[in-house]
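Down below is the structure, laid out as structure tokens.
All of the numbers you see were taken from the coordinates with simple rules; none came from a lab. Fair warning: this is a prediction, and the values are worked out from it, not measured in the lab. Cβ: placed from backbone, ideal geometry, glycine included. Neighbour counts: every protein chain shown.
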Amino acid sequence: MENASSAQSAIQSGRIRVLKEGSGPSDRAVGPVVYWMFRDQRLNDNWALIHAVDQANKANVPVAVAFNLFDQFLGAKARQLGFMLRGLQQLHRDGEAVETIPNFIKECGASLLVTDFSPLREVRGWKEEICKRVGDLVSIHEVDAHNIVPLWVASEKLEYSARTIRGKINKLLPEYLIDFPKLGPPNRKWPTSNHSVDWENLITAVVRKGAEVPELEWCEPGEHAAREVLMGSKNGFLTKRLKNYSTDRNNPLKPKALSGLSPYLHFGQISVQRCALEARNVKKLCPKAVDTFLEELIVRRELADNFCFYQPQYDSLQGAWEWARKTLMDHASDKREHIYSREQLEKAQTADPLWNASQLEMVHYGKMHGFMRMYWAKKILEWTSGPEDALAISIYLNDKYEIDGRDPNGYVGCMWSICGVHDQGWQERPVFGKIRYMNYAGCKRKFDVDGYIAYVKRLVGEVKKRKAETLLNEKKKELCI
Ligand code: FAD
Ligand code: FO1
């Protein structure tokens with residue numbers, strides 16, 4: 001793979017990788033341009049879309065955005081799929097439904113396919129396959145529209161920790177943390193198509209199929225809602241809540257101290273770069289909070305992408321560092337005080353009311369507090385038969401219930417908690433070995449544990465009550481018809 005030095009573009013060449021060089025003219029497309037939107041599901045601040053429109057306009061050809069709906073991608077249920085589709089519905093204007101990307105490319109005679117970037121193995125596998133399946137003339141460009149410093153520019157290797165990647169990213173921020181050019185209209189209109197998407201029926205069918213994990217009412221999807229969460233005048237993070245970020249972000253009783261951006265970032269409904277630019281604009285008001293937020297948003301997040309990209313075993317014990325694998329295996333047969341099955345954990349049936357509360361927060365509210373996520377995963381290590389089991393169960397539950405699951409941050413969060421990835425060795429103890437340990441007493445010293453348990457109980461009660469009301473209203477509507 002090489003950087004797209006020949007493909008002149010409105011965006012920095014380092015942000016583009018040529019996955020496949022077509023045999024047509026190298027300087028321009030002759031057929032239409034298709035942007036396969038995947039991880040970055042937005043029209044604003046999207047480098048992949050900017051590149052696609054720019055290339056199309058230069059060649060005076062039309063451009064289309066294609067989206068491919070997978071059947072329950074990585075086990076996604078109504079919660080995640082409903083959020084995603086309702087967001088897409090908002091950005092959809094003219095209908096181009098596609099069955100598969102190569103078929104669509106062939107059907108419309110496209111000569112350039114632009115895609116956004118994800119480090120996940122499934123996505124990379126599909127792209128490899130598509131490179132083989134599309135015709136010789138077709139070029140494929142991959143644009144990192146998610147990270148501020150493109151992943152392959154930030155580092156060419158697996159990084160050991162935040163310490164080793166931070167300097168590399170910060171050095172490149174002046175070059176890459178820049179404002180977006182205004183996205184102009186395409187010069188040529190896409191020929192009218194007969195395809196249109198019946199959003200209502202599509203969403204109803206997808207939500208029914210994934211009903212085991214229902215949608216969330218509190219988290220409004222889409223680009224507009226995302227911007228409101230970032231900087232809305234009512235309760236925006238940068239406009240109203242920023243000052244508490246550095247002091248309260250580790251207090252699970254104060255979830256509003258966190259930005260709440262992860263669902264939007266995960267589905268690409270807002271750009272990380274936009275969040276960082278806007279945060280930098282208010283740095284004078286709360287320098288500490290902005291620095292802490294940017295460390296999470298840029299360094300920790302890009303580190304997670306780095307891990308998933310350069311470590312093919314990013315969700316397995318085999319992907320852990322040698323010292324961690326050794327210490328975990330040395331302690332794999334240590335006696336555990338409790339061993340719970342996946343079902344018991346899923347139903348929050350443990351002897352620890354704090355852990356149960358965090359599990360219920362995730363199952364019913366769909367977003368566990370960031371601090372509790374660490375405690376939650378570490379306890380799974382303590383209560384299962386070995387580290388492989390613990391990792392598999394934590395990833396299964398995280399991806400099933402979290403609205404922001406199926407993300408590099410999630411795989412790395414579980415690997416950090418259970419396998420010490422990006423962490424250091426600590427004093428050796430049973431079961432954990434040298435992996436960092438967390439316990440109930442430590443939480444009690446940090447925050448009001450009973451208050452959190454009561455808060456989750458109320459939260460779950462409210463969610464259940466609202467769900468019952470919604471069901472009742474739906475039944476009433478059915479009877480009226
Ligand atoms: P904020 O603190 O406001 O953070 C802003 C953004 O910074 C986040 O949206 C995220 O993109 C990034 N960020 C924050 N913390 C981290 C971190 N530790 N590592 C990498 N990036 C970070 N994050 C997910 O997005 N999806 C997951 O599925 C996920 N699962 C996790 C599982 C475990 C076991 C652990 C320990 C962490 C997990 N995280 C996950 C990371 C982190 O907990 C969440 O990103 C954060 O709680 C999301 O809430 P927020 O956006 O309000 O956080
Ligand atoms: N992207 C798609 O292009 N098509 C899908 O059907 C799809 C479903 C989906 C479900 C849950 C989820 O968390 C993400 C989903 N994505 C989908 C988005 C994309 O795959 C993610 O952004 C990557 O997993 C992150 O690298």
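Is the shape of the range 110-158 best called rounded, prolate or oblate, per the rule: a/c under 1.5 gives rounded, else a/b larger than b/c gives prolate, else oblate, with a ≥ b ≥ c the square roots of the Cα gyration tensor eigenvalues?
Here the range 110-158 falls in the prolate category.
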Rounded to two decimals, what is Rg over Rh for the chain when you use alpha-carbon atoms and the Kirkwood radius? 0.97
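Kindly provide the helix-only [θ] at 222 nm of the chain, computed as the sum of -39,500 (n - 2.57) over DSSP H runs of four or more divided by all residues, to the nearest 500 deg cm²/dmol?
Details: 21 runs with 226 residues, N = 481.
It lands at -14000 deg cm²/dmol.
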Whole number please: convex hull volume per residue, Cα atoms of the range 317-463, in Å³. 101
Mean shadow area of the range 2-146, taken as a quarter of the surface of its Cα convex hull (nm²): 8.2
Please list, ordered by chain and number, the residues whose modelled amide H lies under 5 Å from the amide H of Leu19; skip anything fewer than 5 residues away on the same chain. Ile140, His141, Glu142
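Based on Cα coordinates alone, diagonalise the gyration tensor for the range 351-410, multiply each eigenvalue by 5, take square roots, and list the semi-axes in whole Å, largest first. Don't skip to the answer; put the middle values down first.
Numbers: eigenvalues 57, 43, 16 Å².
Ellipsoid semi-axes (Å, largest first): 17, 15, 9.
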Determine the distance separating the Cα centre of the range 20-61 from the Cα centre of the range 256-326; give it in Å without decimals. 27
Over 27 Å between Cα atoms: which of Lys20/Lys106; Lys240/Lys379; Lys106/Lys209 fall into that group? Lys240/Lys379; Lys106/Lys209
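From Cα pairs below 8 angstrom and at least 6 apart in sequence, can you work out the relative contact order of the chain, rounded to a whole percent?
Values: 763 pairs, mean separation 77.5, N = 481.
RCO, the chain: 16 percent.
Once you order the gyration tensor axes a ≥ b ≥ c over the Cα atoms, which shape class does the range 103-243 get: rounded for a/c under 1.5, otherwise prolate or oblate by comparing a/b with b/c?
On the way: a/c = 1.58, a/b = 1.10, b/c = 1.44.
Cα axes put the range 103-243 in the oblate bin.
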Nonlocal amide H pairs with Tyr35, under 5 Å, H built at 1.01 Å: Ala64, Val65, Ala66, Val114
If you take the charge dipole of the chain about its Cα centre, with +1 on Lys and Arg Cβ and -1 on Asp and Glu Cβ, which of Tyr245, Tyr396, Asn356 is farthest toward its positive end? Tyr245
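Highest mean first, how do 215-224, 167-176 rank when packing is the count of other Cβ atoms within 10 Å averaged over residues? Display every interim value, and only then the final one.
Values: 215-224: 18.2, 167-176: 14.6.
Top to bottom by mean Cβ count within 10 Å: 215-224, 167-176.
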Tilt relative to the chain, helix 370-383 - C-alpha long axis, 0 to 90 degrees, to 10: 60
Output the Cα-based Rg and Dmax of the range 208-310 in Å, rounding Rg to one decimal and Dmax to a whole number. 14.6, 48
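Return Ile339, Ile393, Ile453 ranked ascending by Cβ neighbour count within 10 Å, so the fewest neighbours appear first.
On the way: Ile339 12, Ile393 22, Ile453 16.
If I rank by nearby Cβ atoms, fewest first, I get Ile339, Ile453, Ile393.
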Ranked by how many other beta carbons lie within 10 Å on average, peptides 73-84, 230-241, 297-308 from highest: 297-308, 73-84, 230-241
Among the aspartates and glutamates, which fall within straight-line cross-link reach of Lys467, defined as a Cα-Cα distance under 19 Å, with same-chain neighbours fewer than 8 residues apart omitted? Glu212, Glu215, Glu217, Glu220, Glu361, Glu402, Glu478
